[in-house]
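Everything on this sheet refers to the single structure shown next.
What follows is calculated from the coordinates using simple rules that are stated; it is not laboratory data. Remember, predicted model here, so these are calculated numbers, not experimental data.
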C-alpha cells in the first residue's frame with residue numbers, strides 16, 4: 001500500500017520552500033516552532049512589519065492551531081476548514097489548507113484531502129511548492145483508486161530532488177495494477193536518481209519485486 005503519511009520529502013526541503021515562498025511575497029519573517037506539530041505543520045510565522053490584516057491572519061492562524069491541538073487525540077477538522085474558507089486569499093490560508101489535507105489523510109478522508117490538494121494545485125503560484133502538493137495529491141489519488149489521475153499528477157513533477165519519490169509512488173501504482181515489469185522499472189528509476197541515498201523502503205520494494213519476478217537485482221551499484 002502506498003504510504004501517504006510517512007516518507008515524504010525531507011522537512012528541510014519543505015521549510016526552505018516555505019521560507020522562499022514568503023520571501024518572494026515580500027515578507028521578512030522569523031520562524032518559531034509552536035504547539036508541537038511536526039515539520040511543516042509546526043511552524044508559525046511572525047513579521048512585525050506586515051499590514052494589520054496580515055497580523056490578524058497570523059494571530060488567527062496561531063489561535064486555530066492551538067485550538068486544534070487542544071482537542072487531543074480525537075481531533076475534529078471543522079476549525080481548520082473554516083479558517084481555510086475565511087483565508088483563501090492569503091498565505092496563512094494556504095498553510096492551513098496543507099494542514100487540513102494532512103489531517104484528512106490521517107483520518108482516511110481521502111476525498112477531503114484530494115479536494116484540498118486540487119485547490120492548492122490550482123491556486124499556488126510559488127513553483128517550489130508545486131512538487132510537494134503534487135506528490136501528496138498523487139498519493140491521495142492512489143488511495144482513491146484513481147490510478148490514471150495519480151500518474152498524470154506525478155508527470156507534473158520535474159524537480160530533481162523530488163524525482164525519486166515520484167518514481168517510487170509510480171512503481172507502487174503499477175504494482176497495484178498488477179504491472180510488475182513497469183513497477184520494477186519505476187523502482188529502478190527511483191534508485192537511479194537517488195544520488196546514492198536510497199530510501200531503505202524503496203530498496204526493499206525493489207528487491208522484493210525483483211525476487212517475485214526473477215528480474216535482475218540491480219539496485220545500487222556496490
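Averaging Cα coordinates gives a centre for region 128-143 and one for region 174-211; these two points are 19 Å apart. Once C-alpha pairs closer than 8 Å and six or more residues apart are averaged by separation and normalised to the residue number of region 96-222, the relative contact order reads 15 percent.
According to the square roots a ≥ b ≥ c of the eigenvalues of the Cα gyration tensor, what is the shape class of region 91-222, taking rounded for a/c under 1.5, prolate for a/b larger than b/c otherwise, and oblate for the remainder? Note, shape of region 91-222 comes out prolate.
For a test of the definition: using alpha carbon positions, the gyration tensor, and the 1.5 limit on a/c, classify region 159-213 as rounded, prolate or oblate. Taking the square roots of the gyration eigenvalues as a ≥ b ≥ c, region 159-213 is oblate.
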